[in-house]
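Here it is, the structure in full.
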Amino acid sequence: MKLYKCQGCGAALDNITTGQVRIICKYCRATTNISSLNNNGDFSHNADYYVEKGFVALAHKQWGAAERYFTSASRYDDYENAIAYLGLLLVELRIDEEQNLIHKLKDFSRYKNYQKAIQFADDELKEKLEKYNEIRGRNAKIFWPLLAFILVVIIWSFFIAIING
């Protein structure tokens, strides 16, 4: 029996019956046209294909599918694909768009996928990622004192309301 692979995530497609034209992957829900597979039961996609599919999955908040696409992309170019690692970081942080990194309060510079993205990034991407983390840090420094102030005001208001009965 020939082994077919999903065009989306690379998972093995099983339970294919004779005469079947399309199959839906049970992992990423991608539809695969069996007649378009090559003789090895595989597609000849490159890293860019998987990165593009990963960002589409991110936009739809399909974290599992996005992770599979970006992992597939990271396997190309001797695991030196900075964009794939950026995608994996976004999946890890559950962020659907790169620019939303600035809204995270947690320092993501210690994450393995951030470090790999920085390691393999060109100068432009490296500068952009470092800027996102710098802005995130400034936002976090503003957020925590502001949150503390708001909580003090709420507690104080509650306390005054109890006293005034």
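Have a look at Asn39, Asn100 and point out the one that is surrounded by fewer than 16 Cβ atoms within 10 Å (Cβ to Cβ) and modelled with pLDDT under 90. Don't jump to the end; show me each part of the working.
Numbers: Asn100 fails: modelled with pLDDT under 90.
Of the residues listed, the single one that is surrounded by fewer than 16 Cβ atoms within 10 Å (Cβ to Cβ) and modelled with pLDDT under 90 is Asn39.
Now a separate question. Taking only the range 93-107 into account, find how many residues are in a helix (DSSP H, G or I) and of a type in the set (A, V, I, L, M, F, W, C). Steps first, answer last, please.
Filtering the range 93-107 for residues in a helix (DSSP H, G or I) gives 93, 98-103.
Checking the rest, the ones that are also of a type in the set (A, V, I, L, M, F, W, C) come to 93, 101-102.
Result for the range 93-107: 3.
State which residue is surrounded by the most Cβ atoms within 10 Å (Cβ to Cβ) when the search covers only the range 108-148 and only residues that are of a type in the set (Ser, Thr, Tyr) and assigned to a helix (DSSP H, G or I).
Filtering the range 108-148 for residues that are of a type in the set (Ser, Thr, Tyr) and assigned to a helix (DSSP H, G or I), the one surrounded by the most Cβ atoms within 10 Å (Cβ to Cβ) comes out as Tyr114.
Among (1) under 16 Å from Tyr69 (Cα atoms); (2) not in a helix (DSSP H, G or I), where does Leu90 come up short?
So the condition that Leu90 fails would be (2).
Further, regarding this structure: When only residues in the range 42-55 that are at pLDDT 90 or above and more than 20 Å from Leu13 (Cβ to Cβ) count, which is surrounded by the most Cβ atoms within 10 Å (Cβ to Cβ)?
Per the criteria, the residue is Val51.
The values are calculated or read from the model by the stated rules, or taken from the named source; none is laboratory data. These numbers come from a predicted model, not from an experiment. A quick note on method: Cβ atoms are made from the backbone with ideal geometry, for glycine too, and the neighbour counts reach across all protein chains shown.
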